[in-house]
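What follows is one structure encoded as structure tokens, with my remarks underneath.
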Amino acid sequence: MAAVSGPARLRRCVVLPTGVHSASLIFLHGSGDSGQGLRRWIKQVLNQDLTFQHIKIIYPTAPPRPYTPMKGGISNVWFDRFKISIDCPEHLESIDAMCQVLTDLINDEVKSGIKKNRILVGGFSMGGCMAMHLAYRKHRDVAGVFALSSFLNKASAVYQALPTPEGELPELLQCHGAADELVLPSWGAETSATLRALGVRVDYHSFPGLLHELSPGELERLRSWVLAKLPAETGRAGE
């Protein structure tokens, strides 16, 4: 059940680009899933892998830890929650610890020659929340952020960090199922409105009839947005 091979080394599933690698996408799974599981789910929804000619996709797996909404049961989660609700405080200690672990993952890409502004971070459900903490509190120089079926708590540390002007903020792509009964659509809409008021450019899309799940239309929207944020670099061999 070990998900790390060291205190800051996440197990990861990687989909390599079909051409020359010039950008990277870090895609974080939801609670209780894994990087490999998320990749399989996307492949099932699209009937093929999500792939790009020049973008490497990294699906890391959260290390197992006790999870309070499961009465302390062990689960692959990015952080702990007191409960699944927009109205409760964040478990900031576990969020901050994972921000550092994921920073090491970003740094690995930079060390391999990928510029920070050629890296996207995002995720599904809890993974999207984690990505917003990572980008807006720690790494505002990434290319963008995406959050699918995700929300931030009302008094989120993300909101508290954003009033400090530190240059342009990365754009957020936010997608939410209108029929989601686990992460309510109103939570996603409130997150979007609050971030917009704090200066974040939010591209928000609601999907009628969609539950707490992925859909082909949502993933195609994500694909188009990713390519707009990380276009192929002209003049590179093999592109």
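Roughly how big is the stretch 47-160's charge dipole about its Cα centre, with Cβ charges of +1 (Lys, Arg) and -1 (Asp, Glu), in debye to the nearest 20?
Numbers: 13 positive and 10 negative charges, 30 e Å.
Magnitude of the dipole: close to 140 debye.
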(Q) In whole Hz and in residue order, list the ³J(HN,Hα) couplings for the stretch 115-130 that follow from phi through the Karplus curve 6.51 cos²θ - 1.76 cosθ + 1.60, θ = phi - 60°; x for Gly and Pro. (A) 5, 4, 7, 10, 10, 10, 10, x, x, 9, 6, 4, x, x, 4, 4
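Apply the a/c threshold of 1.5 to the C-alpha gyration tensor of the stretch 98-239 and tell me whether it is rounded, prolate or oblate.
Values: a/c = 1.87, a/b = 1.28, b/c = 1.46.
Verdict is oblate for the stretch 98-239.
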Q. With each label point set 7 Å from Cα along the Cα-Cβ vector, what nm distance links residue 96 and residue 160?
A. 0.9 nm
Q: Would you check the accessible area of residue 42, probe 1.4 Å, heavy atoms only, in square angstrom rounded to 10?
A: 0 Å²
Q. If you take the beta carbon distance between residue 49 and residue 232 as r and set R0 to 25 Å, what does 1/(1 + (r/R0)^6) give as a FRET efficiency, to the nearest 0.05?
A. 0.85
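So how strong a dipole does the stretch 142-215 carry about its Cα centre when Lys and Arg Cβ are +1 and Asp and Glu Cβ are -1, to the nearest 20 debye? Before the final figure, lay out the partial values.
Numbers: 3 positive and 8 negative charges, 32 e Å.
The calculation lands at about 160 debye.
If you place +1 on the Cβ of every Lys and Arg and -1 on the Cβ of every Asp and Glu, how big does the dipole about the Cα centre of the chain come out, in debye to the nearest 20? Intermediate values should be presented prior to the final figure.
Details: 25 positive and 23 negative charges, 104 e Å.
Result for the chain is approximately 500 debye, rounded to the nearest 20.
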Q) Quick one, which of (1) 16; (2) 25; (3) 13 is the actual percent of Cα pairs over 32 Å apart calculated for this model? A) (3)
**Q.** Estimated inter-spin distance, residue 196 and residue 103, nm [label 7 Å along Cα→Cβ]
**A.** 3.2 nm
Q.
Using a Förster radius of 22 Å, what is the FRET efficiency between residue 203 and residue 141 based on their Cβ-Cβ separation? Nearest 0.05, please.
A. 0.70
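Calculate for the chain the 222 nm mean residue ellipticity that helices alone would give, adding -39,500 (n - 2.57) per DSSP H run of length 4 or more and normalising by residue count, nearest 500 deg cm²/dmol. If you can, show how the numbers build up before the last one.
Values: 6 runs with 72 residues, N = 239.
Taken over the chain, the calculation gives -9500 deg cm²/dmol.
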Q. If amide H atoms are built 1.01 Å from N in the plane of the peptide, which residues on other chains or at least 5 residues away come under 5 Å of the amide H of residue 23?
A. 56
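The values are calculated or read from the model by the stated rules, or taken from the named source; none is laboratory data. This structure is a prediction, so every number in the text was calculated from the model and none was measured. Every residue, glycine as well, gets a Cβ built from its backbone with ideal geometry; the counts of neighbours run over all protein chains shown. The area values use the complete protein model at the heavy-atom level, side chains included, leaving out ligands, DNA and RNA. Shrake-Rupley method; radii C 1.70, N 1.55, O 1.52, S 1.80 Å.
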